[in-house]
Every structure is written in structure tokens, then in C-alpha cells.
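The block underneath contains the structure these notes are about, expressed in C-alpha cells.
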Amino acid sequence: MKLVFEKSRPGRRASALPRVELPAPEVPDGLRRARPPRLPELSEPEVVRHFTELTTRNYGIDTGFYPLGSCTMKYNPRVNERVVALPGFRDLHPLQGEDGAQGALELMWRLQEILAEVAGLPAVSLQPAAGSQGELTGLFLMRAHFAARGEGEQRDTVITADTAHGTNPASVAMAGYRLAKAETDARGNLDVEHLRELVSERTAGLMLTNPSTLGLFDEHIEEVAQIFHDAGALLYYDGANLNAVCGISRPGDMGFDIVHYNLHKTFSQPHGGGGPGGGPVAVRAELEPYLPVPAVARDGDRFRLDFDRPQSIGKVRGFYGPFGVFVRSYAYIRSYGAQLREMSEVAVLNANYLLARLRDVYELPFDRLCMHEFVLSARGLKRAHGVTALDVAKRLMDFGFHPPTIYFPLIVPEALMIEPTETETKETLDAFADALIAIAREAGERPEELKGAPHGRPVGRLDEVKAAKRAIVKYGFDEHPDLAAGPAAAVEAPKGV
Ligand SMILES: *Cc1c(COP(=O)(O)O)cnc(C)c1O
């Protein structure tokens, strides 16, 4: 497919505008362009065809199964979009006064209440823009808590699991804490004995995903919480895997003190292409005074923004948080109503069904029932045929599926991390399992075919080493004489696109 710049022809236009008769604006010489901008010049139908064709090259949940582990790529119901496009929500200005925004404030208040119930913790801030920002916010809350107790200097270390998402250690470093890493035991739980050695009067807290990124619920979570609380430390719950436990078990009841939600994962919202996210945090009552401002408060029938939190860590995001995400998540939750736990039950059932179909074909490093996702290993295929998790993932594209997450969590070699979500049918799950089984068979019969996959997609296998060492991130205008009005822009044009 040609780039829009290659389709460009000088002087071609979608429509002609009359000449401007006003005097030209005064632009200081130093700010004037030396030459016109290099914009593509095309007719209107060409523009429409170009971008329409591009959309057909895209792969998303609306076109197929997307079992990207840890990302919870569930279907986004259209009713969410209908609701968020209601003029009262869509046209609201962030500086609108409270009187003119009662409906929006009520929605935020109701969402706070629901999230508090889901976590089993009383106080919620909707502000953080994503899970990762929720983590940073949570660690700042931890800091504020210890500073207020005069233990700010002493408690300088936060412990994360060796299965943690990369954002956990990154947030620990950004918040200015030292990092310590807890190990996973042979059953896929945190190694309790190792934890006891790690925890001391210098420990500020533990960050943990439960179920973990292995898709396993920690069987000793109450004991783990006790170890940290006995040492005066706090427990932070990375809520990326809440899709497994909503309405079934609550982080607050497990002993966690601070929780973040990934609204865009658990409660639906187009994400994955850099779309907006939502990462609210919930805390125990002792930590509420430190939450970001403002909170949404209710006085009888009226809703207002409450800025009266003198001990607050301050604002972590502009205005009041990602409002469109709140509306979609609220719509998703309300469409389940009191049956919200069905969401998690079906997500767990779907994952276990897939696991049962695949466990004899790929290696299963931790042999337990899974929660909403599970991790297999392609280690056996690598040993026997030289076929890696990457090859399996690339080959899945030829079968019409988005690959699962691979090489994560880091403690599983050749990891394939599969999360089907609750929104898929048995037929889809079977077709995906059939594809993975067929690929395992191919690995024995024609491994070379897997190494070159994908064969039927618009973009083939990249040379990853070259892509990293000689990254070409700029289009080569000089190769196209029609466009080369200016100085030659760097390097060569991408080939084969
Ligand atoms: C997605 C994810 C995060 C980060 O959340 P974002 O919303 O992407 O910032 C953190 N931890 C785990 C386990 C995740 O899957």
C-alpha cells in the first residue's frame, strides 16, 4: 500500500476556496516558513479511499478475538458509546459550574460508591488517568501516610513480586523508593518464607496483583497481609486483574490498604492503541485525608466537588479525571447491575475452558485451575523443534487471531499469556484452541514455516535486531522527486509496506 505522500500530486485539491481579500497577517520574519509545508495533495475521494483502506488493515476487538493476557481486551458494548454521546455529557465544559453539572457529578459519585464496594474500601479518588498513574498516586499516598507518622525517612523500600508488571518497579522508582523483589514459589504463590526475610522496619509496603500475572490467586494472601501489617507496612493492590474477582472477593477483605482499578480493562473502554484510560484508587479510612482533590461529595440531593482536604497529596491530573471513561465504565457496570459477579465468573470459566483444551499441547508451568487468564510455555517446542513463543504468536496471525501476550511474566520461559475475557463465545474459544493445536503440530512437521510467519498479513516478519539497531523513524522524502521541495529528510523509506 502506498503512503499518502506517494499518492500526492502537486496542485491536486479536494475543493477550491476563494482568494482571501483581507490583508495578510503580519508574521515576523524570524517566524516565517522558508518554504511551504510538505502536505500531501489529493482529491477528496482519494483521501477517503486511502483512510478507509487503512481501517481495513487494522485489527481490533470489533474484527476478531484479542486474547492479550493482562490487558483484558473485552468487547466494548455500543450502549456505552450511546450513553457517553448524550449531549449533557458530551458537551459539558470542564469549567462548567456545579449547578449545571449535577448529572455528571452524580454519575461520578455513583461510580465512586460502586468502586468502593467492589474493592471493599471506603474512599475513592477517580483522578488517575491509568493504572500506572494509580500506582504512582498510591505510592504517594503511602509516603504521605508514613510522613504523617514520622516514619517517612525510615521506610524507604517497597517490595514487588517477580511476576509484577513493569509499571510496578517503575512506579516504585518514580516515587523515590528503593525496590526489593519477592519471589514466587513452586505453586505460583508468593514465597512466604522469602517474604519474611525481606520485610523489615524499612519496608513501606508491598505491591501485588492478585490474582497474579500468572492468573493464579495467591493461596496465602491473608498470611502475607499479616506479615506486612505486623511490620507496620501497607499493602497495595494492582487491580489490573480485577476482572477475575468482581463481586466474588474484595481486595479490602484480603488485607489490602490501597487499590487501583484499570477502568479501561475491567469495565470496558476501547484501549490498547493509546486510547484514554482510567485508574481510580481506593483506600482505607486512615488514608482518605491524603487522596487527591477534588472528591465528589453528596449533600442530600446535591452533588459538589470537595476541595477541603488539607493533607491531600494534591492533584494528579487536570480537572476531575477522564470523564468519558467514567461514563462508559458506569454504563458497563450498570448493564450487569446486581449480576456483576457473572462478568468475572464467565471470564474465569472461559479461561479454564481454554486451559483445559491446551494444557496437554503446551507446557503448563503451574498446574492449577486458573482465574481469568493463564500462562503456558512454548519451552517444549523450542527444545524439540527450535520454535519459540514469538514464532507461535506470529503464526497465530495467519489463523486470523491477535496473538496473546508473550515473554511475560518474566519468570516463565517462552511464556504465552492468554486472557479470553467473558465476552467470547465457545465457538471462538474452540477456533482459537484449534489454531494453537495446529501450530504445535506444524512446529514438528514444518518448523521453517513458523519461523517465517506471518505469511498472509500486510506486514511480514520484521528483522527485530535491525529494527532496534537501525531504526528508521522518518519518511524519505528525497526518494520522491515530486515531494522533494525541501532538504532531504533522513534515511530510506520503509520497504514492503
Ligand atoms: C495493565 C497493567 C498495569 C498498568 O496499567 P495501565 O492502565 O496500562 O497503566 C499494571 N499492572 C498490570 C498487572 C497490568 O496488566
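The values are calculated or read from the model by the stated rules, or taken from the named source; none is laboratory data. Computed from a predicted model, the values in this text were never measured in an experiment. Quick reminder, even Gly has a Cβ in these numbers, built from the backbone with ideal geometry, and neighbours come from all protein chains shown.
Couple of notes before you dig in:
- Restricted to helices (runs of 4 or more DSSP H) entirely inside segment 418-480, those with at least 2 residues that are aliphatic (A, V, I, L, M), assigned by TED's automatic domain parsing to the domain that holds Phe408 and within 30 Å of Ala347 (Cβ to Cβ) are 426-445.
- Matching helices (runs of 4 or more DSSP H) fully within segment 239-343 where at least 1 residues are farther than 23 Å from His145 by Cα: 263-266, 323-336
- Taking each residue of segment 114-127 that is over 18 Å from Gly277 (Cβ atoms) and outside the structural domain of Pro276 (by TED's automatic domain parsing) and looking for partners that are part of a strand (DSSP E or B) and at pLDDT below 95 with beta-carbon atoms closer than 6 Å, six or more apart or interchain, yields nothing.
- Of everything listed in (1) surrounded by 24 or more Cβ atoms within 10 Å (Cβ to Cβ); (2) away from the ligand (no atom under 15 Å from the Cβ); (3) over 27 Å from Arg317 (Cα atoms), the single unmet condition for Thr213 is (2).
- Restricting the first member to segment 46-66 and to residues that are at negative phi and outside the structural domain of Thr425 (by TED's automatic domain parsing), and the second to residues that are among the charged types (D, E, K, R) and at pLDDT 90 or above, the beta-carbon pairs closer than 7 Å and six or more apart or on different chains are Glu46/Lys7; His50/Lys7; Phe65/Glu424.
- Checking each residue in segment 176-200 for being at negative phi and part of a loop (DSSP other than H, G, I, E, B) picks out Tyr177, Glu183, Asp185, Ala186, Arg187, Asn189, Asp191, Val199, Ser200.
- The number of residues in segment 201-238 that are in a strand (DSSP E or B) and among the acidic types (Asp, Glu) comes to 1.
- Count of segment 42-61 residues which are assigned to a loop (DSSP other than H, G, I, E, B), more than 30 Å from Ser212 (Cβ to Cβ) and modelled with pLDDT under 95: 2
- Per-region count, segment 371-389, residues farther than 17 Å from Ala356 by Cβ and in a loop (DSSP other than H, G, I, E, B): 4
- Only one of the numbered conditions (1) of a type outside the set (Gly, Ala, Ser); (2) assigned to a loop (DSSP other than H, G, I, E, B); (3) more than 24 Å from Gln112 (Cβ to Cβ) is not met by Leu349, and that is (2).
- Segment 70-96, subset in a loop (DSSP other than H, G, I, E, B) and within 22 Å of the chain's Cα centre (by Cα), residue surrounded by the fewest Cβ atoms within 10 Å (Cβ to Cβ): Tyr75
- Count of residues meeting criterion [at pLDDT below 95 and either among the aliphatic types (A, V, I, L, M) or farther than 27 Å from Asn243 by Cα (or both)] in segment 317-329: 2
- Scanning segment 133-171 for residues that are under 18 Å from the mean Cα position of the chain (by Cα) and in a helix (DSSP H, G or I) yields Gln133, Gly134, Glu135, Leu136, Thr137, Gly138, Thr167, Asn168, Pro169, Ala170, Ser171.
- Residues that are assigned to a loop (DSSP other than H, G, I, E, B) and either in contact (Cβ under 8 Å) with a residue 40 or more places away in the chain or loosely packed, with under 10 Cβ neighbours inside 10 Å (or both) are absent from segment 102-113.
- Candidate set: segment 223-267, residues that are surrounded by 24 or more Cβ atoms within 10 Å (Cβ to Cβ) and either modelled with pLDDT under 95 or among the charged types (D, E, K, R) (or both); chosen: the one farthest from the ligand (Cβ to nearest atom): Asp257
Condition check ((1) more than 16 Å from the ligand (Cβ to nearest atom); (2) farther than 30 Å from Ile313 by Cβ; (3) of a type in the set (A, V, I, L, M)) across all residues:
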residue: Gly64; (1), (2), (3): yes, yes, no
residue: Asn80; (1), (2), (3): yes, yes, no
residue: Ala116; (1), (2), (3): yes, no, yes
residue: Pro128; (1), (2), (3): no, no, no
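- Tally of residues being in contact (Cβ under 8 Å) with a residue 40 or more places away in the chain and either surrounded by fewer than 19 Cβ atoms within 10 Å (Cβ to Cβ) or in contact with a Phe, Trp or Tyr (Cβ under 8 Å, 6 or more places away or on another chain) (or both) across segment 144-164: 10
- Single unsatisfied condition, Arg202 versus (1) of a type outside the set (Gly, Ala, Ser); (2) touching a residue at least 40 places away in the same chain (Cβ under 8 Å); (3) surrounded by fewer than 24 Cβ atoms within 10 Å (Cβ to Cβ); (4) within 16 Å of the ligand (Cβ to nearest atom): (4)
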